[in-house]
1. Out of residues 5 or more away from A103 or on other chains, whose amide H comes under 5 Å of its own, with H placed 1.01 Å from N in the peptide plane?
2. Take every Cα pair under 8 Å in the chain that's 6+ residues apart, average their separations, divide by the length, and report that relative contact order as a whole percent.
3. If exposed chymotrypsin sites (Phe, Trp or Tyr not before Pro) are those in a DSSP loop with at most 14 other Cβ within 10 Å, what is the longest stretch of the chain that has none?
4. Please work out the Cα center distance from region 190-260 to region 1-74, rounded to the nearest Å.
5. Can you give me the accessible area per residue for region 152-272, using a 1.4 Å probe, in Å²?
6. Residues of region 11-107: accessible area per residue at 1.4 Å, in Å²?
7. Looking at region 1-73, which trypsin sites (Lys or Arg not before Pro) are DSSP coil and have at most 14 other C-beta atoms within 10 Å of their C-beta?
8. Against the globular-protein guess of 2.2 N^0.38 Å, express the Cα radius of gyration of region 35-93 as a ratio, rounded to two decimals.
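The values are calculated or read from the model by the stated rules, or taken from the named source; none is laboratory data. Predicted model only: the values in this text are computed from it and were never measured. Neighbour counts are summed over all protein chains in view; Cβ atoms, including those assigned to glycine, are modelled from backbone coordinates with ideal geometry. Just the protein is used for accessible areas: all its heavy atoms, side chains included, with ligands, DNA and RNA removed. Shrake-Rupley method; radii C 1.70, N 1.55, O 1.52, S 1.80 Å.
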Amino acid sequence: MLTERQQAHYEAFGFLFQRELFSADEMSVIGEEADRIWQEESQRPGFQLSDQGSQHTSSFVERSPLLSRIVEDDRIYLTAQRLAGEGMVWTNSEGNITGYGTAPWHPDRRNMAPGDLDYPRLKVMLYLDEVSAANGALRVIPGSHKNPFHDSLYPMLQKQDDGKDWDVIPESDDPADMPYGVAGDQMPCQVVESKPGDVLFFNQCLWHAAYNAYAGRRYIALKFAGNPTTDGHLATLRWYSGGAFSPSEAFLNSDSERLRGLVTRMAELGSA
Ligand SMILES: O=C(O)CCC(=O)C(=O)O
């Protein structure tokens, strides 16, 4: 169960890292099942890796009863509920085998409209391989989920042509050309070095990045959002998580009250 201080840490810094939440035995079963799904996916007609050689599979844990159990497990569900709030909803999962070396600095959820930063969006990362500063660990800038700090970091992005959203900027050969005069991997931050079984919970408005990653690095991401109560919440969910309004049948018809509870509201909103 989350302590008040752990919750305070998440609120203040935008992330909470919990070591050894899952045992080595559990992680070995999870890793094997994840590999099975990636392998199955790669056999589908028309399957292609991304430009950077990554295998990105969305609705990942939804494909497997065994992996779905991670979501309803007290260690994830109860913590997510405390961090995203009562009435939280499910906004999908990902299973990634990354091919890239760098994920430049960005927040997953950007400040596009008033209230965006206040709407809880939570990502839960389970790295299936050991990651370190030299080896693709996620880096976070503590406190960057809140304004004015959050907005002050947009020089690290570039506006898209239609002016609606932002893209990451590529790393320059000369660090002096980077927005803060230092290479991305020299930015002040916390490097979240992780072993299988450790779990990172982070606010998706938090600025984060990965450097020195290697091909074949695997992680599962579980995504939750707070109870959508305003037009603004619905608008941002539609922008980033449109698929969440048509949840997987596996969750909708699950025996687990927790899994059904995470998606029923989204399905109702989707059919309204
Ligand atoms: O490659 C990673 O470890 C993280 C990628 C990332 O930035 C993200 O999931 O938003």
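1. A210, Y211
2. On the way: 508 pairs, mean separation 83.5, N = 272.
Result for the chain is 31 percent.
3. On the way: sites that count: F47, Y180, Y214.
Counting only loop sites that pass the neighbour cut-off, the longest clear stretch is 48-179.
4. Computed from Cα coordinates, the inter-centre distance equals 9 Å.
5. Details: 5760 Å² over 121 residues.
On a per-residue basis, 48 Å².
6. Working: 4620 Å² over 97 residues.
Normalised by residue count, the accessible surface of region 11-107 is 48 Å².
7. Details: sites: R5, R19, R36, R63, R69; in loops: R19.
Hits after loop and neighbour filter: R19.
8. Details: Rg = 14.6 Å, N = 59, 2.2 N^0.38 = 10.4 Å.
Output field value: 1.41.
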